[in-house]
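Just so it is clear, none of the values below were taken in a lab; they were calculated from the coordinates. All values reported here derive from a predicted model rather than from experimental measurement. Cβ: placed from backbone, ideal geometry, glycine included. Neighbour counts: every protein chain shown.
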6 protein chains.
Amino acid sequence: MQRVVIKLSGSIFKQPFDLNYIKVLCESFVSLLNEGIQPIIVSGGGEVARNYINALRAFGVDETTLDEIGISVSRLNAKIIIGALGASAYPLVPSSMDELSLALNLGKIVVLGGLYPGHSTNATAALVAEKSRAVLFVNATDVDGVYTADPKIDKNARKYDQIDTKTLFNLVTSSPIIAGSYDLFDPLAIKIIERSNIRTKIVLCTPQNILNAIKGSKVGTEIVIK
Amino acid sequence: MQRVVIKLSGSIFKQPFDLNYIKVLCESFVSLLNEGIQPIIVSGGGEVARNYINALRAFGVDETTLDEIGISVSRLNAKIIIGALGASAYPLVPSSMDELSLALNLGKIVVLGGLYPGHSTNATAALVAEKSRAVLFVNATDVDGVYTADPKIDKNARKYDQIDTKTLFNLVTSSPIIAGSYDLFDPLAIKIIERSNIRTKIVLCTPQNILNAIKGSKVGTEIVIK
Amino acid sequence: MQRVVIKLSGSIFKQPFDLNYIKVLCESFVSLLNEGIQPIIVSGGGEVARNYINALRAFGVDETTLDEIGISVSRLNAKIIIGALGASAYPLVPSSMDELSLALNLGKIVVLGGLYPGHSTNATAALVAEKSRAVLFVNATDVDGVYTADPKIDKNARKYDQIDTKTLFNLVTSSPIIAGSYDLFDPLAIKIIERSNIRTKIVLCTPQNILNAIKGSKVGTEIVIK
Amino acid sequence: MQRVVIKLSGSIFKQPFDLNYIKVLCESFVSLLNEGIQPIIVSGGGEVARNYINALRAFGVDETTLDEIGISVSRLNAKIIIGALGASAYPLVPSSMDELSLALNLGKIVVLGGLYPGHSTNATAALVAEKSRAVLFVNATDVDGVYTADPKIDKNARKYDQIDTKTLFNLVTSSPIIAGSYDLFDPLAIKIIERSNIRTKIVLCTPQNILNAIKGSKVGTEIVIK
Amino acid sequence: MQRVVIKLSGSIFKQPFDLNYIKVLCESFVSLLNEGIQPIIVSGGGEVARNYINALRAFGVDETTLDEIGISVSRLNAKIIIGALGASAYPLVPSSMDELSLALNLGKIVVLGGLYPGHSTNATAALVAEKSRAVLFVNATDVDGVYTADPKIDKNARKYDQIDTKTLFNLVTSSPIIAGSYDLFDPLAIKIIERSNIRTKIVLCTPQNILNAIKGSKVGTEIVIK
Amino acid sequence: MQRVVIKLSGSIFKQPFDLNYIKVLCESFVSLLNEGIQPIIVSGGGEVARNYINALRAFGVDETTLDEIGISVSRLNAKIIIGALGASAYPLVPSSMDELSLALNLGKIVVLGGLYPGHSTNATAALVAEKSRAVLFVNATDVDGVYTADPKIDKNARKYDQIDTKTLFNLVTSSPIIAGSYDLFDPLAIKIIERSNIRTKIVLCTPQNILNAIKGSKVGTEIVIK
């Protein structure tokens, strides 16, 4: 069975939950499974994660522990997706690559949160794509692709249909402001898709965009290994 | 070292976090530790737990799994307390009685969330008091004691200074409305404090009330085993 | 596959083991599986559990730890059932709801002991029924149903064909003697079957009674949610 | 702190428990701890283990699984010892060498059951002595030492004050009847005490004999490495 | 599905790895699986294990810990076999009998290293054969069978076509030099194949020899239970 | 107790082990502990890791799994350091941040290998420094600091006494050849020391250099946060 990894932006889990949106999103994952494609979903942390992290940072807690809190919340978010998927989902949230290996064998949709402190969920999703030998990694986020500049600020910003990893790396490392506002990709995620030559697309998170990205329609920005 | 178990109502963890309140509360726990009393804190789930549980219940998820979600959130809340306690806290949240046994040995404040589906955090706290041979179990909640009726409804409702377990059992089981609105104690928690003869007090959650309850001042409602 | 949860009274594991009885009982479980019904068995602790618990209570050990000893023995008893079931059984005894979820996927008979201190194995079995979405929970015990009074004492005691949860709750909580002598159900188990509306029958533990209860013949006492 | 490993014969856990005997035995272990010697106790399985193993063997279960059942029961027996020791004992039963390493650090009496299928508890105790760098391994059993022949059969059987490992090896391997009736030592246990040159004594299990063996009085049979 | 256990001598993992040899060996295991025989592979430790063990022994580390190091390296070697087997292999290395039970259910080739300190990988492989109810245990080693004496020293040494367990026991225990140079079998492994009557063959490790041993051709030495 | 994290280059573990060098290195760590500074050692993978990784890469295994193999070998290397440290070392290799938290409490030298796939051991060591609130992170490697260019190629290459994180980031990302030959630091490690403002020095791995770096003598290259 072919596999695709879909990273869900934490913004999908803003409070209160938009149950209809989540339900429709999950129906599109089930439809993929029914067509013989095994989706692997990686949930971000979002608003609840930020609330807990900010509180703990105010108490002076170290950043590694804060990363772990973010991972815990992203796993709760994974439980929301599993609940919405029902019987099509593997019932547990794998917390290691070994658990992921076993979970994938059962032929259901597998849903994870974060795995390791120091990693963004983008980097985790890239490792998951590597481990599961996925044919595609879709980063479903809250912008509709990678821009030459922040489109909210720069009216002349232009969306890339394709961007190579070198250019993307420069974009996310040279300009901290853009990296911060987009949170599209971090250097580690780029390094991983480079080393394993993983096909990757960045799309605005909607059921239709995700299906289009998987079925080969032109949508968002495709990352080209270079 | 003498031990006291303090159950913190989930209402303490309402969003956004009241960092000052939590900080002051935790300073009172540290002062207990400095006086040679080892506090064991059990955190409830509160608002965030309810949000996740309600979403999953809407998706048709079974109640045992919902209990487990509540436990996961209560453990995140325990991390907030650990963060506020700093170096006075055992750094991890025990997830079993065996871990609790080992944690207690280190002489720091130990903070837990829930442990088992089907259990309220009150019942969990009662078991923790039993296992740790605590001299007192303080249920710090959002009312200032047990009343003969719901004081918000019945103007003649009178607070008990003491209540025996039989009367409390009848109160929480015969009247579902009162049980629901107070959430003071459930039948299992009562059964546990009865079987092990655990001294128990119900107080409004403030640093001063908790210290008063531990130091023997009259506050809230004391439960008498019968 | 439809699932039924069968709670086996600890009395089945009295010493020395009645191997023929256990073998015949297990053959009835295998016949259910062959008909497309997945049995989930929850074993009680019985005589061996009591011996260990009494010894440790004499040494002054706390009640939570004694519950854990009872759980350990009930898991050994589960191993006896697994041994008698042979290749029809899932080979391990799940020790958490997560393990149970995975075990159920393999389509074999799953056998558990207790799971949590503070819980009777009845309450555990009710949670297992909830988690596994079982269509029926059969409490196979050493009496043939629920009586209005203790039939050994009161000649006029009458067996209920049906009993509602409210009446059962009053029966098991108001009269400690009856609760003690029957050990049919505890308040927590009743609360769980109420909250999830689980069909429940109490029968004398024989292979035929268990099969009759599952196939819809009138046997023992049925608990009606109210 | 110097350490001694004491293997307790399963015969100590015959049913019903002899609570007084166990209590007195444990008081002798506490007295050792108070003198600055850390006892490490390894409990055998005994009668309850045999009952469960025989039942499962009758059901055709494989021998490795039966060994695991024996280990489970020996760990329950370890819990009996921990209960009798009270606050002088490490509260958990280590189930691996790593857990043992950590447990030993806390300076309390550590109590184990078996660890690995295929191993007698004698061999386990020898490994535990090796891992913990114990100065002495006392095998407290139901005979008062090693004999030239079975003293119940052969009136001329003579007890060894000392026996070398080669002679003992020949004794326990060449004569299956004697090996079976004594269950003093198995080839693996001998190999382990040989390879690490562990001082070892076999004594009849009484508090006084164990203390005498540790304090250097002549008692039972000493095994000499050769 | 019938199962065979194949113990691979640590000598197969000498540095640098002979990738072609390992690849061909693994293709023969895949061919067995395709014919409906489930191979279970147990890898030894070999040269890398010896290097780490010798270094740690020089630092004065205890022998149990050294055994554990050997187990860790043998599990790395198991990963080499899993990598060479690709999709035909269960992806993880079971580290307990429980994990092995679950792994076997998935119908793939299962690969282990050592399991327990104090055990040779031969003894481990014998336990694995017992637990998995294998029809045959093939000890694939660096000699082509059991000899009456060391063939490198004694020109008149004769290979056994069959050897009974008593004779083999005497051979490996009476003569430490031969036991050391051959490392064919240790007393514990012999005891296990005796107690469970496991068919066992010792062959020089080549793909053809292993297939011949499994398919019934005369090769190496067969061990007969006595 | 103040803590320092010392990352040991995998080159220290080249085969055969240089036992004297490792012994002397470890004596310097023990001397730090005796002066009240708790060293936390992070071992790299080195030659053995490369051998296993290259073999598995030749078999077509995914990069995440290869990272995990590297982690396993680095943990074996950590065992070598623990063995050389003897009683001054925490006896186990923590495999998670939670285990690290508990290990640090015991006041001994703690030794880790890698923790997470996708991370270099440099990045792991940086996270460990963050989690343990270390006052200094010493990267003990096989060059004596950071150079403006590869000193083996460019005769005019000049060593930095100090380098800021921005310049170092550009150095390790813009020039893949230099990054590869030095393996000093990767982008993730730099990001971590930046976000937590961790004092960091890169030195040639010798006992004296490490001690000098910790005691404030000028040695190697210091990384300045910018």
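In a reduced charge model with +1 at each Lys and Arg Cβ and -1 at each Asp and Glu Cβ, segment B:2-224 shows a dipole moment near 440 debye about its Cα centre. Out of all DSSP beta bridges with both ends in chain F, state the antiparallel percent to the nearest 5. Bridges in chain F that DSSP calls antiparallel: roughly 15 percent. As a calculated quantity, the FRET efficiency between C:Thr167 and B:Thr167 at R0 = 22 Å, using C-beta atoms, amounts to about 0.50. Simple spin-label estimate for E:Gln2 and B:Ala58 gives 5.9 nm between the two label positions (7 Å along the Cα-to-Cβ direction from each Cα).
Using DSSP to call loops (not H, G, I, E or B), can you name the GluC sites (Glu not before Pro) in segment D:1-108 whose Cβ has at most 15 other Cβ atoms within 10 angstrom? Of the GluC sites (Glu not before Pro), the ones in loops of segment D:1-108 whose Cβ has at most 15 other Cβ atoms within 10 Å are D:Glu35. For the rotation that carries chain D onto chain F, the axis lies closest to a Cβ at D:Leu102, 5, where the number is the distance in whole Å. Summing +1 for each Lys or Arg and -1 for each Asp or Glu among the other residues whose beta-carbon sits under 9 angstrom from that of A:Leu188 gives 0. In the frame of its principal axes, chain E has Cα extents of 47, 46, 34 Å, reported largest first. Computed across the protein assembly as shown, the Kirkwood radius stands at 33.7 Å (inverse of mean 1/r, all Cα pairs). Each Lys or Arg adds one and each Asp or Glu takes one away; over the other residues whose Cβ falls under 15 Å from the Cβ of C:Asp18, this sums to -1. Computed on chain E, with alpha-carbon pairs under 8 angstrom and 6+ residues apart, the relative contact order is 22 percent. Shielding by partners for peptide A:49-61, expressed as the average number of C-beta atoms from other protein chains within 10 Å of each residue's C-beta, is 5.
For the protein assembly as shown, give the share of DSSP beta bridges that are antiparallel, in percent and rounded to the nearest 5; count only bridges with both residues there. Of all bridge pairs located within the protein assembly as shown, approximately 15 percent are antiparallel. Here B:Ser217 yields copy-to-copy label distances, from shortest upward, of 6.0, 6.0, 6.8, 6.9, 9.1 nm, the label point defined as 7 Å from Cα along Cα to C-beta. Which of the lysines could be linked to E:Lys79 by a straight reach, that is with a Cα gap under 16 Å, when you skip same-chain ones fewer than 8 residues away? Answer for E:Lys79, where 16 Å is the Cα cut-off: A:Lys131, E:Lys7, E:Lys14, E:Lys23, E:Lys108, listed by chain and number. Extending 7 Å from Cα along the Cβ direction at A:Gln208 and again at B:Asp150 yields two label points whose distance is 4.7 nm.
Counting, for every residue in C:119-131, the Cβ atoms of other protein chains within 10 Å of its Cβ and taking the mean gives 3.
Taking Cβ atoms as reference points and 12 Å as the exclusive limit, the residues near F:Leu92 contribute a net charge of -1, counting Lys and Arg as +1 and Asp and Glu as -1. Mean residue ellipticity, 222 nm, helices only, the protein assembly as shown: the sum of -39500 (n - 2.57) across DSSP H runs of n ≥ 4, divided by residue count and rounded to 500, is -14500 deg cm²/dmol. Suppose R0 equals 51 Å. What FRET efficiency, 1/(1 + (r/R0)^6) with r the Cβ-Cβ distance, do E:Asp142 and A:Ser11 give to the nearest 0.05? Computed FRET efficiency for E:Asp142 and A:Ser11 comes out at 0.25.
May I ask for log10 I(q)/I(0) of segment B:86-161 at q = 0.18, 0.19, 0.20, 0.27 Å⁻¹, from a Debye sum over the Cα atoms as equal point scatterers with solvent left out? Once normalised to I(0) and log-transformed, intensities are -0.81, -0.86, -0.91, -1.31.
Between B:Asn197 and F:Ser95, what is the FRET efficiency for a Förster distance of 35 Å, r being their Cβ-Cβ separation, to the nearest 0.05?
Once the sixth-power term is evaluated, E becomes 0.25.
Plainly put, the tip 7 Å out from Cα toward Cβ on E:Arg50 is 2.3, 4.6, 6.1, 6.1, 6.9 nm from that tip on each other copy, the closest given first.
Anyone know which of A:Thr165, A:Thr64, A:Thr121 comes out most mobile in the 10 Å Cα GNM of chain A? Highest fluctuation among the options: A:Thr64. Report the residues of segment E:136-174 in range of a label on E:Asp18: point 7 Å along Cα→C-beta, backbone N strictly under 11 Å from it. Answer for segment E:136-174: E:142. Label point of F:Val24 (7 Å along Cα→beta-carbon): distances to the other copies' equivalent points are 4.7, 6.1, 6.1, 7.1, 8.0 nm, sorted ascending. The mean number of partner chain beta-carbon atoms within 10 angstrom of a residue's beta-carbon across peptide B:11-21 is 2.
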